[in-house]
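The block underneath contains the structure these notes are about, expressed in structure tokens.
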Amino acid sequence: MLQGKTALVTGSTSGIGLGIAEALAAQGANIVLNGFGEPSAISDLQQRLQATYGIQVLYHAADMSKPEEIADMMAQAQRELTGIDILVNNAGIQHVANVEDFPLEKWDAILAINLSAVFHTTRLAIPYMKQKNWGRIINIASVHGLVASAQKSAYVAAKHGVIGFTKAVALETAQTGITSNAICPGWVLTPLVQRQVDDRAAKESVSLEEAKKRLLAEKQPSQEFVDPAQLGALAIFLCSAAADQVRGVAWNMDGGWMAQ
Ligand code: NAD
């Protein structure tokens, strides 16, 4: 379905971004990978996607907190793969602390990576999408873009910002073939969440399995984690013609979290 299109997935060396990149690759899109990790593991991933799906795969190591590195990545994608047709803003970090104890550098990093980077990639992608009169901007927000949890002030502020930004871009592009939407996952068992499971197990002196159960029981009625492949399938739907008029939505996939 996506042959000839190019998709940039920020933060695609792990977790949800990797799941979405794989789903887009399986539909034939060329992929720009981004994110941190072992160079050999990233190179293996790049080669595996190329060989499995017969697509082109670029990797750019842009630090999403640095606007000039983002600009360099967008320019390289334009030069080598004729621009970004599908932009998945996924890179994100978390830090858990009460507001009065929140380290300033963590606040700045979360706002830069989880929110400002979405502005920088989007502002640089839209001119090329406009030339083709087609584009998909998919922002991986969170249920924390819709409701809050204690001790996540920076993350909640950034993710609420992402949803507002998604809607503003949807209005600016409403009369074009470009759509802008957000996906709001509940708990997904990725390294970002595993760190919270580990902390909880240590704090409450319980096993990792018990810590996972407690984490889910608190917020996610299905008591099951969302799978990155399920989020990939939703991203594919948003890229389809059936979703041409899906604009400015924040679509949760959260095991019932938001139904409470
Ligand atoms: P993860 O830690 O598994 O992956 C994060 C990715 O972002 C990695 O590839 C990492 O290298 C990359 N990254 C981090 N900082 C970066 C930077 N400065 N520059 C470039 N890349 C950077 O996390 P995940 O759980 O897969 O999270 C992905 C997105 O999904 C995040 O935006 C997160 O907020 C969101 N999300 C996650 C969950 C969840 O339960 N895991 C729920 C809702 C939303």
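The values are calculated or read from the model by the stated rules, or taken from the named source; none is laboratory data. Given the structure is predicted, the values throughout are model-derived calculations rather than measurements. Here the Cβ is made from the backbone with ideal geometry for all residues, glycine too, and neighbour counts use every protein chain on show. Remember, those area values only see protein heavy atoms, side chains included, never the ligands or the DNA or RNA. Shrake-Rupley method; radii C 1.70, N 1.55, O 1.52, S 1.80 Å.
Our helix-only sum for the chain, with -39,500 (n - 2.57) per DSSP H run of n ≥ 4 divided by its residues, gives a mean residue ellipticity at 222 nm of -15000 deg cm²/dmol. Judged by the mean number of other Cβ atoms found within 10 Å, the most tightly packed of the peptides 95-108, 156-169 leads the ranking 156-169, 95-108. With only the Cα atoms considered, the chain has a convex hull volume of 127 Å³ per residue. Helix 67-81 and the longest principal axis of the C-alpha atoms of the chain enclose an angle of approximately 40°. Around Ala250, under 13 Å between beta carbons, what's the net of Lys plus Arg minus Asp minus Glu among the other residues? My count for the surroundings of Ala250 gives +2. Taking a sphere under 14 Å around the Cβ of Ala235 and counting the other residues whose Cβ falls inside, with K and R at +1 and D and E at -1, yields a net charge of -1. When the chymotrypsin sites (Phe, Trp or Tyr not before Pro) in the stretch 22-87 are filtered for DSSP coil states and for at most 12 other beta-carbon atoms within 10 Å of their beta-carbon, the remaining sites are Phe36. Taking every protein chain into account, the accessible area of the chain amounts to 45 square angstrom per residue (probe 1.4 Å).
Angle, helix 153-172 long axis vs. longest principal axis of the chain, Cα atoms, 0 to 90°, nearest 10? Approximately 30 degrees, to the nearest 10. The value of relative contact order for the chain, using C-alpha pairs under 8 Å at least six residues apart, is 20 percent.
In terms of distances greater than 20 angstrom between alpha carbons, the cross-link table entries Lys152/Lys219; Lys66/Lys132; Lys152/Lys212; Lys106/Lys167; Lys5/Lys132 yield Lys66/Lys132; Lys106/Lys167. With only the Cα atoms considered, the stretch 11-61 has a convex hull volume of 56 Å³ per residue.
Between 0 and 90 degrees, the angle of helix 117-132 with respect to the longest Cα principal axis of the chain falls at about 30 degrees.
What is the sum of charges around Val188, taking Lys and Arg as +1, Asp and Glu as -1, for the other residues whose C-beta is under 11 Å from the C-beta of Val188? Result for the neighbourhood of Val188: -3.
State the Cα centre-to-centre distance between the stretch 64-115 and the stretch 210-260 in whole Å. After rounding, the separation between the Cα centres reads 22 Å. Residue separation of Gln50 and Asp199 scaled by 0.36 nm, minus their Cα-Cα distance, works out to 49.9 nm of gained length.
Once the gyration tensor of the Cα atoms in the stretch 215-260 is diagonalised, the equivalent ellipsoid follows with semi-axes of 25, 13, 6 Å, ordered largest first. Once the gyration tensor of the Cα atoms in the stretch 20-162 is diagonalised, the equivalent ellipsoid follows with semi-axes of 29, 17, 14 Å, ordered largest first. The amide H of Leu33, built 1.01 Å from its N in the peptide plane, has Leu58, Tyr59, His60 as neighbours under 5 Å, considering only residues 5 or more places off or on other chains.
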